[in-house]
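Here the structure comes first, spelled out in C-alpha cells, and everything after it is commentary.
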Amino acid sequence: MSDPRPRPLIGGYYWFPSPAGGVMSWAVVTCHDLGFDAEVGHVDLWPAVLDRLAMTWGRDAGGLRRRLIDRYTGLPRGRVTRPGKSILVLHGDDAPVSDWRERLAERYRLGGRAHRFLYDEHERRLPGDPEWVEEALGVRHG
C-alpha cells in the first residue's frame, strides 16, 4: 500500500522577515517557493530572496541587490537533506522564532516521518551580514 502523505521536501530555506503592524513577522521561505530545485545553494537563492524582500518591504530591488548581494548569510537559513533514508534538518541554531522546529517540519512536510535537527556551523549568519540587512530594511534589533 502506498503512503497517502505528500512526499517530504528537501532543499535550502531562509527565515524571511515581514513587517506586520510594527512587529517583525517571520516565515520559512523554501527554495521551492523561490522557483528553485533542492540542489540550489544559498548563494544562488539569495538574489531571489532580495527581490522578495524588496517587494515585501517596499524597497528598490536594484538598490537592495547592490547593497546586499554579497550578504547571503544576513538572514537565518538552513537546508533539509535526505542522505539515504533519513531526513536531516540542518540549521545554524539562530532561528528567530521559538516554534521553529514545528514550522520547518510543516513547510517541508515532515510530519509523522522520522527526521533529525542537526546544528551545522556553515548555516550560521556571518558577523556583520545581519546588520547590513537590518539597515537596508530600516529595522534594528537589540
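In summary, residue 82 fulfils each of the numbered conditions (1) touching a residue at least 40 places away in the same chain (Cβ under 8 Å); (2) buried (at least 18 other Cβ atoms within 10 Å of the Cβ) with the single exception of condition (2). Per the listing 48, 38, 105, 27, the residue uniquely in a helix (DSSP H, G or I) and surrounded by fewer than 19 Cβ atoms within 10 Å (Cβ to Cβ) is 48.
If you check residue 59 against the conditions, is it open to solvent by 70 Å² or more (accessible area, probe 1.4 Å) and within 16 Å of residue 130 (Cα to Cα)? No, not satisfied. Looking across the stretch 108-127 at every residue that is out of contact with any Lys or Arg (no Cβ under 7 Å at 6 or more places or on another chain) and of a type in the set (Asp, Glu), the one that is surrounded by the fewest Cβ atoms within 10 Å (Cβ to Cβ) is identified as 121. For the stretch 85-96, the tally of residues that are surrounded by 16 or more Cβ atoms within 10 Å (Cβ to Cβ) and in a loop (DSSP other than H, G, I, E, B) stands at 3. Would you check which residues across the stretch 1-24 are in contact (Cβ under 8 Å) with a residue 24 or more places away in the chain, farther than 22 Å from residue 90 by Cβ and assigned to a strand (DSSP E or B) and list them? Result: 18, 19, 24. The single condition among (1) without any contact (Cβ under 8 Å) to a residue 24 or more places away in the chain; (2) outside any strand (DSSP E or B); (3) closer than 16 Å to residue 90 by Cα that residue 32 does not meet is (3).
The values are calculated or read from the model by the stated rules, or taken from the named source; none is laboratory data. Because the structure is a prediction, the values reported are computed rather than measured. As a convention, Cβ positions derive from the backbone with ideal geometry for all residues, glycine included, and neighbour counts pool all protein chains shown. These accessible areas exclude ligands, DNA and RNA; they are computed on the full protein's heavy atoms, side chains included. Shrake-Rupley method; radii C 1.70, N 1.55, O 1.52, S 1.80 Å.
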